[in-house]
Each structure stands twice: as structure tokens, then as C-alpha cells.
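Asker: Quick one: the structure is below, questions incoming.
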Amino acid sequence: MRTQVAIIGAGPAGLLLAHLLRRAGVEAVVIERRDREYVEGRVRAGVLEQVTVDLMNTLGLGERMRAEGLVHTGTNIASDGDLFRIDMSELTGGSTVMVYGQQEVMKDLFDAAEPRGVRIIFDAEDVALHDIDGSKPYVTWRKDGAEHRLDCDFIAGCDGYHGVSRATIPADVLKTFERVYPFGWLGVLADVPPCDHELIYSNHERGFALASMRSPTRSRYYIQCGLDERIEDWSDERFWDELCLRLGPEAGARVTRGASFEKSIAPLRSFVSEPMRHGRLFLAGDAAHIVPPTGAKGLNLAASDVIMLGEALTEHYLEGSNAGLDGYSARALARVWKAERFSWWFTSLTHRFPDRDGFDRKMQVAELAYMRGSRAAQVTLAENYVGLPLV
Ligand code: FAD
Ligand code: DHB
């Protein structure tokens, strides 16, 4: 089998890239280790930047998002229960974000794949990348007991943090930067109305909490937890009690309790590997970088990476120019590092660090108090939150 671009992984990065290339007339095949149900079933991101919204619209896949997604013009911060609003739209000259779950994005991308001729091979075992620094790379995998091979011009490694693509790059080529945080997020989904029409990011003495949503009848809540905590120890009742305490009396009183139907713990990590290209392999999304979820940048970075990679590959095939491919890593990393900084900063400002002392806590509280009264501080938060421009 032969194609122009082999895409490893059918997550947001892989499928957005596949749709972009299909639209431009560049051939691609997506090779995914799991099945559609698994990829679509993962409860993950909830907030889309304008860049990601625009991409879905450009692909002609924005109809359901425009109908069902929730446009947010602001977000809320709580400091020990004291709430204030950041009017993102007013502070940024009209930018907004869209609350539309990653599961919905994936459903739209998968539903459109077959009708548009986007090829996806599911359940591919033992995927391996070969000759990435030669001129004839290829990918092999096993499926239904048979060995398969796909020859290609380029490989897009969109297979997430635990994927095989980054691991194929020689260790002496890659430079990695990492921060592991001493806590995780315990997340809950429940079919109850959200406690607010916008999100609330809460810094509380007992730890961080986030009130988010998927729709006017479905809430998504997170609380900071220890890495050694077990899901079984968090009954719904214990979760709601802790959440309400951390959101403070005003928002806590508006929380509607109900049975959760999803509960999971995610660790927090900042990670970047450079460069995002080696030979004919290009990394995009979580395969190259991870942000802690505070500020909702992960899926959006995957989208901005593949916009740049899609442009570069299209330029190569349609205009015969390699300038985009040669500049891809530096261009993508410039945006990635800014989002890394923002996600790290917002995490540091809002979480309780077990190894830090009273002085650090006072600094957090003072910074939040400063932000409450400073337009300049609010603009800084708002312009990062809605997403920095693609340059
Ligand atoms: P992935 O989604 O990890 O997709 C990679 C794909 O590759 C998977 O389908 C996987 O099965 C496949 N794969 C892996 N290994 C192989 C292999 N060897 N061969 C073939 N296929 C392989 N981001 C936001 O922007 N906003 C948010 O609000 C937000 N909230 C989050 C909340 C939580 C709790 C978590 C965990 C994440 C959140 N994120 C958020 C991050 C976001 O979900 C990720 O950044 C995003 O999924 C990255 O997409 P990706 O396609 O790069 O990687
Ligand atoms: C959600 C996740 C985030 O990390 C965030 O900052 C905002 C919302 C969510 O899952 O809804």
C-alpha cells in the first residue's frame, strides 16, 4: 500500500490533519491502535479556542458545534470563595471561546471521515515507523493476524504522549523539558444543570476546583486531588461536599447534585520535546507536548499544530516548496511554549502545592487580589485564555 502522508493516531490531531489534507487533495491514511468507540469515548477537553472553532468551520464540520456549542464571553475566578468575572470578550476586542466537548469534536470528525474519503485503519497492533531519516519511510503494523506495510513520503506522528512516533526519534536528537506536578485532577460528569452559565476556576485553601459544563443540562466538575488517591474512596457525596466547599458559599450553593456517570483521575504534567521534526517524521499534538489542563490548551494546541503542518504539506505538494516543512518545528514550538507558560502559570496560581509554605500561598492570594482590580492583569489572562494568534 502507498500514500503520500501516513498519519499515526486518530485523535484530534490525526483526524483534523487527515481532513485538512483531504480537503487540499493530498493523500493520507490514518493508522490507529484502538477502535472508534474507544477514541470517541474518552472524556477530555471541553473548551475550544477561536482558532479551533475556525478550523472546524473551515472544514465544513462546524454545523453541530454552532447549534449545540455554548459561546462564552467571560470566565470566573474564585479566591477563597470570593468570585470575580473576567470579561474576555470586552478585554480582547471581541474574542470568545466555545464550550464543545472533545467527544463531540471527535464524533463530527469520525462521522464525516467515510463520506469524504478520509481513510482510517483501526485496531492496528504493533505500529512501527521505519527509515524516518531516509527518503523512503514506511509504516508497518499487524491487524487480524496479518502484517501490513504502508509506504509514504512523510509520516505525521499524532499518536499522543504514549505513542510510538516520538520514541522512534533517536534519543540524542530530542531535547525534552518536563515538570510533573505533585497532584492530579479528579473529574466528574453528571447530568445536572451547571452551577453557573460560565466556568469558575477556584483557588481555595483546600485545593483547586473547576466548574465546567458540556451543555445546559450536563456539568463537568474537577477538584485537585493527591496522586495516591483512589477513585473508590470518592463517593459522589464526598465529591459534591468537597467541590461546594472549594467553590465557596456563593457558587457552592448553586451546585445541583446528582449521580455521576464518569469519574476519573488525571495526573498533571508540562512536557515539550524539541524539535518537532526528524527527517520525514513530523510530530503534532500531545505526541510532542503536554500541558496541565488548567486553561484548556491541549486540544487547541493539537489543532494549531496541524493547521501549520497541513499548510506545510500542502505547500510541498501543490507549490513544490519545502519552506513550510523546514520551518514547521520552529513555528509550532513558538506557539507551544507560550501556551506551556500560560498553563504552568495558571496552574501555579490556582493550585495548592503540598511542598510550599505560607508565603507562597500569600503570593497566590495577593496575585488574585491584584487581578481582581487590574485591567492589565485581566487582559493578560484573557488574551491567553481565548488563544494567542497563529503567526
Ligand atoms: P490524543 O488525543 O492522545 O490522540 C492520540 C491517538 O493516537 C489516540 O487515539 C491513541 O489511541 C493513538 N495511538 C497511541 N499510540 C498509538 C500507536 N502506537 N499506534 C497508533 N495509534 C496510537 N485540552 C483542551 O484543549 N481543552 C480542555 O478543556 C482540555 N481538558 C482536558 C481534560 C482532561 C481530564 C485531559 C486528560 C485532557 C484535557 N485536554 C484539554 C487535553 C486534550 O484532551 C489533549 O491535548 C488532546 O486529546 C490531544 O490530542 P492528540 O490527538 O494530540 O492526542
Ligand atoms: C475543561 C477542562 C479544562 O482543563 C479547562 O481548563 C476548562 C474546562 C472541561 O473539561 O470542561
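Just so you know, all these numbers are worked out from the coordinates, no wet-lab data involved. Just so you know, these numbers come straight off a predicted model, no measurement behind them. Using ideal geometry, Cβ is built from the backbone for each residue, glycine included, and neighbour counts are taken over all protein chains shown.
Asker: So if I take the centroid of the Cα atoms in segment 148-220 and the same for segment 262-330, what is the distance between those two points in Å?
Answerer: 14
Asker: Can you tell me how much longer the chain between Leu318 and Asp35 gets when fully stretched, taken as 0.36 nm per residue apart minus their C-alpha distance, in nm with one decimal?
Answerer: Once the chain is fully extended between Leu318 and Asp35, it gains 98.6 nm.
Asker: Explain nothing, just compute: Karplus ³J(HN,Hα) = 6.51 cos²θ - 1.76 cosθ + 1.60, θ = phi - 60°, for every residue of segment 363-376 in order, whole Hz, x for Gly and Pro.
Answerer: 5, 4, 4, 5, 5, 5, 5, 4, 4, 4, x, 10, 4, 4
Asker: Could you work out the local net charge near Ala287, counting Lys and Arg as +1, Asp and Glu as -1, over the other residues with Cβ closer than 10 Å to its Cβ?
Answerer: Every neighbour counted, the sum reads -2.
Asker: Return the subset of Lys175/Lys297; Lys263/Lys362; Lys143/Lys297; Lys263/Lys297 for which the Cα-Cα distance in this structure is over 29 Å, preserving the input order.
Answerer: In this structure, Lys263/Lys362; Lys143/Lys297 lie more than 29 Å apart at Cα.
Asker: Taking amide H atoms as placed 1.01 Å from N in the peptide plane, list the residues 5 or more away in sequence, or in a different chain, whose amide H sits under 5 Å from that of Ile121.
Answerer: Answer set, sorted by chain and number: Val30, Ile31, Glu32.
Asker: Counting only other residues whose beta carbon sits under 14 Å from that of Glu27, what net charge do I get with K and R as +1, D and E as -1?
Answerer: Net local charge, Glu27 excluded: +3.
Asker: If you rank His162, His19 by fewest surrounding Cβ atoms within 10 Å, what's the result?
Answerer: Going from sparsest to densest Cβ surroundings: His162, His19.
Asker: How far is it, in nm, from the label point at His130 to the one at Glu178 when both lie 7 Å from their Cα along the line to the Cβ?
Answerer: For His130 paired with Glu178, the spin-label model returns 3.0 nm.
Asker: Shifting gears a bit: With n ≥ 4 as the cut-off for DSSP H runs, can you work out [θ] at 222 nm for the chain, using -39500 (n - 2.57) per run divided by the number of residues, rounded to the nearest 500?
Answerer: Computed ellipticity for the chain at 222 nm equals -11500 deg cm²/dmol.
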